[in-house]
Structure formats: structure tokens, C-alpha cells
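**Student:** Below you'll find the structure I mean.
The values are calculated or read from the model by the stated rules, or taken from the named source; none is laboratory data. The structure displayed is predicted, hence computed values, not measured ones. All Cβ positions, glycine included, derive from the backbone under ideal geometry; neighbour counts span all protein chains shown. All accessible areas refer to the heavy atoms of the entire protein, side chains included, with ligands and DNA or RNA removed. Shrake-Rupley method; radii C 1.70, N 1.55, O 1.52, S 1.80 Å.
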Amino acid sequence: MSTDQVFSALSDPTRRQLFTRLADGGPATATQLAAELPVTRQAVVKHLEALRAAELVTSAREGREVRYTVTPAPLADAVGWIADVGAEWDTRLATLRSQFSTRQPK
């Protein structure tokens, strides 16, 4: 899994909806999830597979159905990357701020 895969998987609004639904509501089948969205079950399965490829969800067969569950670890890695980039920008902006505040008006 890579941070790129996480961002790619979450770039789609339907996948974000599915991820949020699973995170908030717990494990569910593609049929249950499709009943809550304006897309087909087949479309939901394709979106879930993209989330699974990014390791954001896991799947487990229970009888005839497959139940999907959120896996939060890859999301934590992406959040860590965002925090690192944010810290770099904070440092750059602080440097600019100090350069402008020390300049004397002409």
C-alpha cells in the first residue's frame, strides 16, 4: 500500500461515501451499501475493490455474502503525510513572514 493509492482511492466521491458509511456504520455487504446509494450493486463492488486495493477496507466471506470492514491504518499514513507537508509549509511561511516583518519601508 502506498499513500498514492490511498489518495487515488479516496479521490472518488462515491468511494469516500462508502468509506465513511463503513467507518460510521460498521461492516456491511455490497447489497446493503447499494441500497443506501444511487448506484448499482455492481458499481458498489467495483468501488469497494478500489478501496480494498488501497487496503482501506478488508473483505470476508460469510456464507453467500462478502462483508466489508474499514481498515484505518493506511488512512493514518496519509494523514501523517499531510501533517508533514503542512509542517514544511508552516516553516516556509514563517520564514517569509519574518523576512517581510524585518524589511524597512522605503
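**Student:** Quick one: how many residues across the stretch 46-62 are part of a helix (DSSP H, G or I), aliphatic (A, V, I, L, M) and closer than 17 Å to Pro13 by Cβ?
**Tutor:** Count: 3.
**Student:** Give me a count of the residues in the stretch 30-52 that are touching a Lys or Arg at 6+ places or on another chain (Cβ under 8 Å) and closer than 18 Å to Pro72 by Cα.
**Tutor:** Qualifying residue count for the region: 3.
**Student:** Separate question: Restricting attention to the stretch 63-82, which residues are open to solvent by less than 70 Å² (accessible area, probe 1.4 Å) and either in a helix (DSSP H, G or I) or in contact with a Ser or Thr (Cβ under 6 Å, 6 or more places away or on another chain) (or both)?
**Tutor:** Val66, Arg67, Tyr68, Thr69, Thr71, Ala73, Pro74, Leu75, Ala76, Ala78, Gly80
**Student:** Is it the case that the stretch 53-60 has a residue that's under 18 Å from Asp77 (Cα atoms), out of contact with any Phe, Trp or Tyr (no Cβ under 9 Å at 6 or more places or on another chain) and open to solvent by less than 40 Å² (accessible area, probe 1.4 Å)?
**Tutor:** No, the stretch 53-60 contains no residue that is under 18 Å from Asp77 (Cα atoms), out of contact with any Phe, Trp or Tyr (no Cβ under 9 Å at 6 or more places or on another chain) and open to solvent by less than 40 Å² (accessible area, probe 1.4 Å).
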